[in-house]
Amino acid sequence: MLGVFREDGYNKIMYDLIIIGGGPAGTAAAVYAARKKIKTLLLTESFGGQSVVSDNIENWIGEKTINGLDLAKKFEEHVRAQEGIEIKMTERAVSVRQLEKGGFEVVSEKGEAYLSKTVLVVSGGRRRKLGVPGEEVFSGKGVAYCATCDAPLFRNKTVAVVGSGNSALEAVIDLLPYAVHIYLLVRGTQLKGDATTQAEVINSPKVTVLMGVVTKEITGDTFVRALTYADKATNEKKTIAVGGVFVEIGSMPNTEMVKDVVKLNDFGEIVVDPVHGTTSQAGIWAAGDVTDCPYKQNNIAAGDAVKAALSIYAYLLKQEREVLCT
């Protein structure tokens, strides 16, 4: 399907598909694109996605437990084993625009421009961080951003969850079967999650809710051992002994490059058709954490990306048939 496209006086390769992102969604889409003989360019800063910082991942299907870096290596090895997939590493896409003659131009932060008939955005998201001393040092060593993924690793430990919305409350629920005790640190004066989940959290004897507090520091040795917080009203500081800290203050989708070409919701996520992964712009698909899918999970991202890749294949075939018939 590969062709040559002339745009602004320059001859450039026109790919069938450009995949933006190298996490579980990008990897899955690339493998399926290769199997369908779709000439594909994968643009990514690195392989692995957000899970690369996880010390142990226990819910990736087919692996009882795997380190985030090891999973990232497997992603890269799997993609590189495919024929017909070109990879541009350490390249972050910064803009996508529709071309007058059809197709799209994707520009990287290095200033390189790539042309494609279709685009699949699987650029994931980035967790909002506390920005306090110790957070980066102990990331993957007690500081976690996904209770669904990592709760079993904190069995028989006392942990802290920072946040006030549904994600924080659900993190507490996920931790209840494993942790000995859970401190829920809330910056404001009330919880923001749904009433039923609030009640379950508040009524649990294993949970202590600390209202009106701000996390100041996370400390430890080789692993998290304590968290220091301050009372917003009095500025009094206190330190609690914990074996883990779950940061649940929301996430930000990496959608800056397509904000002007596809519809985003109020959270900046790409609005997609959950059946095919299509967006508001014909020729652009999206999957994974960058979309409005409510479940931000590796396995779901990979599955949705496979659906998108198959949908893209059908779209390209239809385009070819239309060209042959004209």
- request: Given the options Thr228, Thr196, Thr44, state which has the largest fluctuation in a GNM of the chain using a 10 Å cut-off (strictly under) for Cα springs.
  value: Thr196
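Going by how many other beta carbons lie within 10 Å of each one, how would you line up Leu176, Leu185, fewest first? Write down the numbers at each step before the final one.
On the way: Leu176 15, Leu185 24.
So the residues, fewest neighbours to most, are Leu176, Leu185.
Over segment 129-247, calculate the relative contact order: mean separation of alpha carbon pairs under 8 Å at least 6 apart, over the residue count, as a percent. Kindly include the intermediate steps, with their values, before the conclusion.
Working: 256 pairs, mean separation 37.9, N = 119.
Reported as a whole number, the value is 32 percent.
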- line: Percent antiparallel among DSSP beta bridges confined to the chain, rounded to 5, stands at 45
- prompt: What full-extension length gain, to one decimal in nm, is calculated for Thr148 and Asp70 as 0.36 nm per residue of separation minus the Cα-Cα distance?
  reply: 26.1 nm
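When the dipole is taken about the Cα centre of segment 30-121, and only Lys, Arg (+1) and Asp, Glu (-1) are charged at their Cβ, what size is it in debye, to the nearest 20? Don't jump to the answer; show the numbers that get you there.
Details: 14 positive and 14 negative charges, 99 e Å.
Dipole about the Cα centre, nearest 20: 480 debye.
About the Cα centre of the chain, what is the dipole size in debye to 20, counting +1 per Lys and Arg Cβ and -1 per Asp and Glu Cβ, all else neutral? Walk me through the intermediate numbers first.
On the way: 37 positive and 39 negative charges, 35 e Å.
Charge dipole of the chain: 180 debye, to the nearest 20.
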- prompt: Just Ala233, Ala30, Ala305 to compare: in a GNM of the chain, with alpha carbon springs under 10 Å, which one fluctuates most?
  reply: Ala233
message: Show me the trypsin sites (Lys or Arg not before Pro) within segment 118-176 that DSSP assigns to loop and that have at most 12 other Cβ atoms within 10 Å of their Cβ.
response: Arg155
- line: Checking rank on 79-87, 101-109, 289-297, with mean other Cβ inside 10 Å and highest first, the result is 289-297, 101-109, 79-87
- request: Quick one: give the max-minus-min coordinate of the C-alpha atoms of the chain along each principal axis, largest first, in Å.
  value: 72, 36, 35
message: If amide hydrogens are placed 1.01 Å from N in the peptide plane, which non-local residues have theirs closer than 5 Å to the one on Leu42?
response: Ile19, Glu86, Ile87, Lys88
statement: Of Gly303, Gly23, Gly124, the most mobile residue in a GNM of the chain (C-alpha springs, cutoff 10 Å) is Gly303
Amide N proximity, segment 258-277 versus Asn59 label position 7 Å along Cα-to-Cβ, cut-off under 19 Å: none
- prompt: What GluC sites (Glu not before Pro) in segment 211-257 are in a loop by DSSP, with at most 14 other Cβ atoms within 10 Å of the Cβ?
  reply: Glu236
Contour minus Cα-Cα distance for Arg35 and Thr90 (0.36 nm per residue): 17.3 nm
field: Cysteines (scope the chain) whose Cβ has no counterpart Cys Cβ under 4.7 Å
entry: Cys293, Cys325
task: Identify, among Val275, Asn67, Asn235, the residue whose Cα sits farthest towards the positive end of the charge dipole of the chain, taking +1 on the Cβ of Lys and Arg and -1 on the Cβ of Asp and Glu, with the dipole about the Cα centre.
output: Asn67
message: Explain nothing, just the number: dipole magnitude of segment 129-247 about its Cα centre with +1 on each Lys and Arg Cβ and -1 on each Asp and Glu Cβ, in debye rounded to the nearest 20.
response: 220
Mean residue ellipticity (222 nm) of the chain, computed from DSSP H runs ≥ 4 via -39,500 (n - 2.57), nearest 500: -7000 deg cm²/dmol
field: Pairs beyond 19 Å (Cα-Cα), from Lys12/Lys88; Lys216/Lys296; Lys192/Lys216; Lys36/Lys110
entry: Lys216/Lys296; Lys192/Lys216; Lys36/Lys110
- prompt: Put a dot 7 Å past each Cα toward the Cβ at Val271 and Ala233; how far apart are the dots in nm?
  reply: 4.2
- line: Reduced to Cα centres, the span from segment 89-147 to segment 178-210 in Å works out to 33
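Any read-out appearing in this document is the output of simple, stated calculations on the displayed coordinates, not a laboratory observation. Fair warning: this is a prediction, and the values are worked out from it, not measured in the lab. So basically every Cβ, Gly included, is an ideal-geometry build from the backbone, and we count neighbours across all protein chains shown.
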